[in-house]
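First comes the structure, then the notes that go with it.
The values are calculated or read from the model by the stated rules, or taken from the named source; none is laboratory data. Remember, predicted model here, so these are calculated numbers, not experimental data. Cβ sites come from the backbone with ideal geometry, for glycine too, and all protein chains shown count toward neighbours. All accessible areas refer to the heavy atoms of the entire protein, side chains included, with ligands and DNA or RNA removed. Shrake-Rupley method; radii C 1.70, N 1.55, O 1.52, S 1.80 Å.
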Amino acid sequence: MTQSKNKVVIFLGPPGAGKGTQAERLAHEQQLLKISTGNILRDHVARDTELGRQVKPILDAGQLVPDQILIALIRDKLASMDNVRVIFDGFPRTQAQAEALDVLLEELGAPVNAVPLLEVPDQILIDRIVERGRQAAAKGEAVRSDDNEETARKRQQVYREQTQPLIDHYAARGHLYTVDGVGSMDEVYGRILEGMK
Ligand code: ADP
């Protein structure tokens, strides 16, 4: 049973860096569960749950949903797993979330294995997000209500203020490595695997 061992990967990087796409592929190839908090929250909004109604205005403004909500959500997810084989995409995003995750993983005996940080220049990020919105619209798909230039800039600012400090948190623990996020999907994926060795 080679896949029964715990494995925890945390993707860090600004909005639009490509975390979701890369995390998806890694999850598929290494039998990991991708936990994307953005997707989970958007799903609640789409289903119009109580939580969805509560968080919709926050998502639309490009702000962060309160820590307690995210921490409870992740605690539930992890509690239901026999082996902790996960990739976090979009969590943790604040110091409080990172500390809560440390405690949870400690309890589960599942230490963090790797924290790839995807680096992409700011203007490219905005272009990618605006383009993602355009593509979705062109294909008749649902456009994320936060994929417009103004909200994308807000999300970037929130990232700089609240999430970037986590780079030090994970660097201090020796898990962090930076990945150049500019290039083809295959190129970037190759760099992620290379850094994980
Ligand atoms: P992106 O990284 O492209 O901004 P996500 O899908 O990761 O997009 O997140 C979309 C939105 O969901 C965020 O702007 C925020 O409002 C909310 N969100 C997602 N994850 C978290 C989190 N860990 N803490 C607080 N809010 C979150």
Seminar exercise, completed: Subset of region 141-156, residues farther than 14 Å from L125 by Cα and near the ligand (Cβ under 9 Å from one of its atoms), comes to R144
Problem set entry | For E141: the one exception among (1) surrounded by 14 or more Cβ atoms within 10 Å (Cβ to Cβ); (2) more than 19 Å from D67 (Cβ to Cβ) | (1)
Problem set entry | Qualifying positions in region 157-190 - open to solvent by less than 20 Å² (accessible area, probe 1.4 Å) and touching a Gly at 6+ places or on another chain (Cβ under 8 Å) | V158, V179, G181, V188
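Is it the case that I87 is out of contact with any strand residue (DSSP E or B) (no Cβ under 6 Å at 6 or more places or on another chain) and either modelled with pLDDT of 95 or more or in a helix (DSSP H, G or I) (or both)?
Here the answer is no, as I87 does not meet what is asked.
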Exercise. If you take just the helices (runs of 4 or more DSSP H) that sit entirely in region 1-78, which of them hold at least 3 residues that are of a type in the set (G, A, S)?
Worked result: 19-29
Exercise. So which residues in region 1-60 are open to solvent by 50 Å² or more (accessible area, probe 1.4 Å), within 14 Å of the chain's Cα centre (by Cα), of a type in the set (D, E, K, R) and over 16 Å from R144 (Cα atoms), if there are any at all?
Worked result: E24, R25
